[in-house]
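A short worksheet on the structure shown next.
The values are calculated or read from the model by the stated rules, or taken from the named source; none is laboratory data. All values reported here derive from a predicted model rather than from experimental measurement. Glycine also receives a Cβ, built like all others from the backbone with ideal geometry; neighbour counts cover every protein chain displayed.
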Amino acid sequence: MWLCQSIFCMLVSSRFRLLSPHISFSVLSLKNHTPSRLSFSVAASAMETSSPSALFLCGKSSSETEIAKSLKINNALKLPNGGEVSTHLQSEISNFQLGEEAFNVNLFLNSLSTNRFGRNLIWSPRLPSTHDVVSHNFCELPIGAACVADVQFKGRGRSKNAWESPRGCLMFSFTLEMEDGKIVPLVQYVVSLALTEAIKDICDREGFPCLDVRIKWPNDLYLNGLKVGGILCTSTYKSKKFNVSSGVGLNVDNEKPTTCLNAVLKELSTTSNKFRREDIMAAFFNKFEMLYDIFLNQVGRELLCRKRMRIELWKMWSRSRV
C-alpha cells in the first residue's frame, strides 16, 4: 500500500516535453598499449579527434548475450551525425586496459534481479551522451536496454541545459515503450522515486547512515540543499506507440560541481565504505521495474481521470518534502 501512496504523491503533473534527439558527436581515443591489449586515452586532446567511440555490448543471460552478438555482427548501433563507433562484446573487455574506476559490468549484472530492465547493457568508457545513444538507436535495442558511461562530455539536462558529468558520476539512460500518451508525462516521477528508494535500500542493506535525498519538482534530486542528480525523459511517437528514453545523472563519487553521495556519507560515518555506481544502478532497476508495473496497472489512468485529486496530492507532497 505504501508503494501506491508514494507513487500517487509523485504523479501529480502533466508537464512534459516531446523532444527530438539532440545531435552530438562522440569521440573516444583508442591506442595500442601492447599487441594484445588496448588502453583508453582520456587526454583532453583526444576529444578533438575522430576516433571511434567504443561501445561494449553486455547481457545478463545467454539470451541477452545473443542479442549483443547480433547487434555487433549487423553493425546495428550508430551515433548521431554520423559519428564513428566500434562495438565489442562483454567477453572482450579483458582485452582492454581499463582503470580501477571503470564501470564493473559483472558487478552490476550480478546485482540485477529484473525480468526486463537493464538486462541488455551498453557500457562505454567515454561518450558525449548516453541519452543520445539510446534515443538514436531506439528501434534497434530491446525495450529496457540501458547505456552507461564512465565519462560523458555532452550530457543533457532539462530544457537543453548541459549536465556536467565528470568521473565518479553515475550516468545512464534506458528505453521504455508506452501506448497511453496521457500517462507518458508522468513516468519521470516514477524514475525519480525509484532512484531515491534505491539509495535508501542500499543504506539499509549496507548499514550506512540514511542519506536524505529529496526530490525537487519536477525532476531534480537534492541532498543537504545541493543538487546531486537529475532525470531527463524524452519521447517520440511511432507506430501508435511512444518510444521513451529516460536518462539519470547522479553524483556518486564526484564532489564537484556541487557535492556527492560519498562526500556526505564520509561526513556521517567513520568507516571507509562507499556507494558504488554499479550497486546504485542495479538497485534502481530492481526498484523501478516494480514501481513501473504498479504505475501502469493501478495508478496512472485513475490519477489522470481525477484532476482535482492530482492538485490535492501535489499539495500533500510539497508539504511533506520541503
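Looking at this structure, is Y189 surrounded by fewer than 22 Cβ atoms within 10 Å (Cβ to Cβ) and outside any loop (DSSP other than H, G, I, E, B)? It is false that Y189 is surrounded by fewer than 22 Cβ atoms within 10 Å (Cβ to Cβ) and outside any loop (DSSP other than H, G, I, E, B). Please verify whether segment 103-110 includes one or more residues that are part of a strand (DSSP E or B) and touching a strand residue (DSSP E or B) at 6+ places or on another chain (Cβ under 8 Å). Taking every residue of segment 103-110 in turn, none turns out to be part of a strand (DSSP E or B) and touching a strand residue (DSSP E or B) at 6+ places or on another chain (Cβ under 8 Å). In this structure, is K31 modelled with pLDDT under 95 and surrounded by fewer than 12 Cβ atoms within 10 Å (Cβ to Cβ)? Taking the combined requirement at face value, the residue satisfies it. Kindly indicate whether any position in segment 193-210 is of a type outside the set (S, T, N, Q), without any contact (Cβ under 8 Å) to a residue 60 or more places away in the chain and in contact with a Lys or Arg (Cβ under 8 Å, 6 or more places away or on another chain). So far as segment 193-210 goes, yes, one or more of its residues are of a type outside the set (S, T, N, Q), without any contact (Cβ under 8 Å) to a residue 60 or more places away in the chain and in contact with a Lys or Arg (Cβ under 8 Å, 6 or more places away or on another chain).
Picking from E255, E312, E302, which residue would you name as being of a type in the set (D, E), touching a helix residue (DSSP H, G or I) at 6+ places or on another chain (Cβ under 7 Å) and at pLDDT below 95? Selected residue: E255, the only one of E255, E312, E302 that is of a type in the set (D, E), touching a helix residue (DSSP H, G or I) at 6+ places or on another chain (Cβ under 7 Å) and at pLDDT below 95.
Each row is one residue, and each column tells you yes or no for (1) at pLDDT 95 or above; (2) outside any helix (DSSP H, G or I).
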{"site": "S51", "(1), (2)": "no, yes"}
{"site": "L77", "(1), (2)": "yes, yes"}
{"site": "H88", "(1), (2)": "yes, yes"}
{"site": "S94", "(1), (2)": "no, no"}
{"site": "G99", "(1), (2)": "no, yes"}
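The numbered conditions (1) buried (at least 18 other Cβ atoms within 10 Å of the Cβ); (2) under 17 Å from the mean Cα position of the chain (by Cα); (3) modelled with pLDDT of 95 or more are all true for R126 except (3). Every listed requirement among (1) over 23 Å from D293 (Cβ atoms); (2) of a type in the set (S, T, N, Q); (3) modelled with pLDDT under 95 is met by N219 save one, (1). Scanning segment 244-270 for residues that are more than 20 Å from S165 (Cβ to Cβ), out of contact with any Leu (no Cβ under 9 Å at 6 or more places or on another chain) and not charged (D, E, K, R) yields S269, T270. If only residues of segment 152-185 that are at pLDDT 90 or above and of a type in the set (A, V, I, L, M) are counted, the one that is surrounded by the most Cβ atoms within 10 Å (Cβ to Cβ) is L170.
Within segment 230-251, residues that are at pLDDT below 95 reach partners that are surrounded by fewer than 19 Cβ atoms within 10 Å (Cβ to Cβ) and part of a strand (DSSP E or B) with beta carbons closer than 7 Å, at six or more positions or on different chains, in the pairs G230/D220. Among the residues of segment 275-299, those identified as under 22 Å from the mean Cα position of the chain (by Cα) and modelled with pLDDT under 95 are M290, L291, Y292, D293, I294, F295, L296.
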